[in-house]
Amino acid sequence: MRIALCSDTYHPIADGVSNHLVDYKAELERRGHSVRVYTVFSNNDGVYGLPSYHFPLYKEYKVGIPVYEMFRDMDRFDPQVIHIHTPFVLGTMGYRYARKNEIPTVGTYHTDFVNMDNTIDFPFIKSILNLGFQYNMHLYRKLDLIISPSKLVANYLKDFGNDSKIVPVGIDLRKFVYSEQKENYYLFIGRLTQDKGVLEVLEAASELPDQKFKIAGTGPLKETVRRYANKYRNIEYLGFVSEEEKINLLKNARLLIVPSRAETFGVVYIEAMASGTPAIGSAETREIGILKESYNGWYVKYGDSKELANKIREVDGKDLRNLSENARKSSVEYSIESTTDKLEAIYGELIELKSRK
């Protein structure tokens, strides 16, 4: 098959969607498919990059500038199916091309816009994010199929009249190193935004001076993280980390702590579990189904740093070797191979259905 992937986020942005797409492209190509990624980054190795500028509200990301050369590139590639991963410039252009050329189109709902209102400091941000969500729904309703990465998202979309098929976000588990031998630190890794729960991690760390915390990532709250790291000797801010550094941090951490309320799936939980590292998440993400209480991790109430600190105190004296093994076992069902199997079948069915019309 010839498969076009359209996404406003891709390597080198180190978020869950871009990491998944890099792994997914590689797995599809390993199986003999031709894959072309349409994004906002430079052209290389099967990637077409639109001209772009930094998104003024969140400068780690870019906004594509629509140009017809992308459509000419698609003509040359001649995709049989288009899979949209973000609803904005790339998603819209991918959809327009698919509609004009009668190509089946799939869209995965990755981003929880509604719960990002505290992520960006800007006037009327709640209204802006609501418009983003409404446009997402408007565009995805027109597609041949919507993919939800979890039951949580599928139920959420159904509330807005959108049926979807659940296909978890796949991870290349082979990259991660399983270890039961842990160092004595707790790890947060992800975007430094309020919805990810990093402020609660910092507050909990400030109450636990005898425990070491490492914070990895970048985002709007990086200066806040730096202030905490300068004030409290048990907090270390690592900034942006490479893929190799991330793998090593996850392998050695006693626990991953990401008490987020804005996860549609939670790639970093899977990455941690593949490394034998149990995780603490927020109760708001329970329906995703990745973490199981006292089996491969724990839940705490989102926004409650006291409860988080108490949970860390409770866990601190425990032997976590059984949970490490349970975490590793739990990660297997989220392999990139399993996800690709499911999406290959979906693509094939949609292509065959289109050919009959």
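Where a number appears in this text, it was derived from the coordinates with a stated rule and is not lab data. Predicted, not measured: the structure shown is a model, and the values here were computed from it. Backbone-built Cβ (ideal geometry, glycine too); neighbour counts: all protein chains shown.
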Exercise for the section: Please identify, among Ala272, Ala154, Ala345, the residue showing maximal mean-square fluctuation in a Gaussian network model of the chain using a 10 angstrom Cα cutoff. Expected result: Ala345
Fill in the blank from the handout: A correct Kirkwood calculation over the Cα atoms of the range 1-42 returns a hydrodynamic radius in Å of 10.4
Exercise for the section: Please express the Cα-Cα pair-distance distribution P(r) of the chain as a list of whole percents, one per 10 Å bin, running from 0 to the bin with the greatest distance. Expected result: 5, 25, 34, 24, 10, 2, 0
Problem - Approximate spin-label separation Glu102-Asn230, in nm, with each point projected 7 Å along Cα-to-Cβ - result: 6.4
Exercise for the section: Could you pull out every one of the lysines with an alpha carbon less than 20 Å from that of Lys165, ignoring same-chain neighbours closer than 8 positions? Expected result: Lys142, Lys151, Lys342, Lys354
Practice task
Please find, in a Gaussian network model of the chain (springs between Cα atoms separated by less than 10 Å), the residue of Gly197, Gly32, Gly16 whose mean-square fluctuation is greatest.
Solution key: Gly32
Completion exercise
In this structure, the FRET efficiency calculated for Lys301 and Arg72 from their beta-carbon separation, with R0 = 41 Å, to the nearest 0.05, is 0.20
Handout entry: Förster radius 30 Å - calculated FRET efficiency between Asp163 and Ser294, Cβ distance, rounded to 0.05
Key = 0.30
Problem - Charged-residue dipole, Cβ positions (Lys, Arg, Asp, Glu), the chain about Cα centre, Debye nearest 20 - result: 300
Completion exercise
Here the percent of antiparallel bridges among DSSP beta bridges lying wholly in the chain, to the nearest 5, is 10
Exercise for the section: Treat the count of other C-beta atoms within 10 Å as a stand-in for reagent exposure and order Thr277, Thr285 from fewest to most. Expected result: Thr285, Thr277
Practice task
Pairs of Cα atoms under 8 Å, at least six residues apart: use those to get the relative contact order of the chain, whole percent.
Solution key: 16
Handout entry: CD proxy at 222 nm, helix term only [per DSSP H run n ≥ 4: -39500 (n - 2.57); per residue of the chain; nearest 500]
Key = -12500 deg cm²/dmol
Practice task
Run the quick spin-label model on Glu344 and Glu244: label points 7 Å from Cα toward the beta carbon, then report their separation in nm to one decimal.
Solution key: 3.2
Completion exercise
Per the rule of 0.36 nm per residue minus the C-alpha distance, extending Glu337 to Glu183 adds in nm 52.4 nm
Problem - the chain: angle of helix 222-231 to the longest principal axis, Cα-based, in degrees nearest 10 - result: 10
Handout entry: Alpha carbon centroid spacing (whole Å) that separates the range 193-217 from the range 305-357
Key = 24
Exercise for the section: Please state, as a whole number in µm²/s, the translational diffusion coefficient that the Stokes-Einstein equation yields for the range 173-334 at 4 °C and 1.567 mPa s, with Rh defined as the Kirkwood radius across alpha carbon pairs. Expected result: 85
Completion exercise
Rounded to the nearest 0.05, FRET efficiency between Arg2 and Ala283 (Cβ-Cβ, R0 45 Å) equals 0.60
Problem - Footprinting exposure proxy for Val40, Val35 (fewest neighbouring C-beta atoms within 10 Å first) - result: Val35, Val40
Handout entry: Residues whose placed amide H lies under 5 Å from that of Phe240, excluding near-sequence neighbours
Key = Gly217
Practice task
Pull out the extension gain between Glu203 and Lys175, defined as 0.36 nm times the separation in residues minus the alpha carbon to alpha carbon distance; nm, one decimal.
Solution key: 6.9 nm
Problem - Relative exposure of Arg254, Arg313, judged by other C-beta atoms within 10 Å (fewest first) - result: Arg313, Arg254
